[in-house]
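Engineer: Below are the structure tokens for one structure; questions will follow.
Laboratory data are not the source of any read-out in this text; all were calculated from the coordinates shown. Just so it is clear, the structure is predicted and the values come from calculations on it, not from any experiment. Don't worry about glycine lacking a Cβ; one is built from the backbone with ideal geometry, like all the others, and counts go over all protein chains shown.
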Amino acid sequence: MKREYWGIAIILMVLLSCKTTKNKEYVELVGQAQGTTFYIAYFDSNSRDYTTELQTILENFDQEVSTYKPRSIINQFNDNSLDTIWKSDHTYLYHSFALSAEVKSYTQGYFDAGIYPIIQLVNSSNNVLSAGNRLVDSVMKIPRDFYLTEKYVTKLDKRSQFNFNAIAQGYSVDVLAHFFESKGVVNYMVEIGGELRVKGKNKFNKYWTVSLEAPNSTAENREIQEIVSVNNLSVVTSGSYRKFKEIEGKKYSHAINPFTGQGVTHSLLSVTVIQKDAAIADGLATAFLVMGKEKTIQFLESNNFYDVSLLFIESDEEGNYKSSYFGGFEELIVE
């Protein structure tokens, strides 16, 4: 699933062809899903190979939630070919709505899966979309809420459209993690498109370490901003330093502010969120990138319900990068 903006990449020295290998009894699986790549590693004391099951889960998830697949369930819902999403039929999409509603409520609207029409408009325009633009104003008026029950989801307005790119990759990571938990697997890493969740230890009997790329990192010259050691946690980053529009010398992020319909322009380049659930971390990273550092810290100082740890990367007027932390993130850094 292609995100509307890129986060800091997780550096994984793996091939990007789909194959399974075993190394010191750990199974490693790499391949493609949701328009990006994935890497999965796990140890099973009974030497069971879950390759088929994992790939089936990813394929089914894609078919329900990925907007880049023409006849996916979310696309059918968006174009009104389907008017109801039943939990019993489309569990992944139903829970994407439920998780999005949860994060939207918590962030007071800074995360909003209903801004898909404005995202499409912004991405198709070569001009700054500002208040007063009639087309922008009309799209901003499209309702973004939906009706969610314990059994189904339906629209309140047929014009509404939804996109879960900012939460679904994290959710799919959680789905695979829950699969491992159901099988009694307690040592694993699941990474999809840079969003990851780990538990237990790696094949070297060490807690998993995650390398976070610096904003100036390239495919030819990898630069590391931080390395963290984590256990039973998810690491998710949202960033705008690679994908933006520059108009008259001003950079407009592809992280869209739901209240203005415009890309944010503050100095915050990326936010890395560490939290147990990858879906929640994914949604919060999106919201915090839109909020900016100061507003995020102010928000969390009185409302850190999810007990998150954060890494902020900002740029100054000279283009230098600066890291800062919140919620004990620095305690996870590997020196």
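Engineer: Which of the chymotrypsin sites (Phe, Trp or Tyr not before Pro) found in the range 103-211 are loop residues per DSSP with 13 or fewer other Cβ atoms within 10 Å of their Cβ?
Structural biologist: Listed in order of number, the matching sites are Phe204.
Engineer: With label points built 7 Å along Cα→Cβ from the Cα atoms of Gln63 and Ser45, find their separation and express it in nm.
Structural biologist: The two pseudo-label positions are separated by 3.5 nm.
Engineer: Can you tally the net charge around Glu331? Count Lys and Arg as +1, Asp and Glu as -1, for every other residue whose Cβ sits under 14 Å from the Cβ of Glu331.
Structural biologist: -4
Engineer: Output needed: percent of Cα pairs per 10 Å distance bin for the range 60-155, bins running from 0 to the one holding the longest distance.
Structural biologist: 14, 42, 33, 10, 1
Engineer: May I ask for the distance between the Cα centers of the range 96-112 and the range 166-223, given as a whole number of Å?
Structural biologist: When both Cα centres are located, 23 Å separates them.
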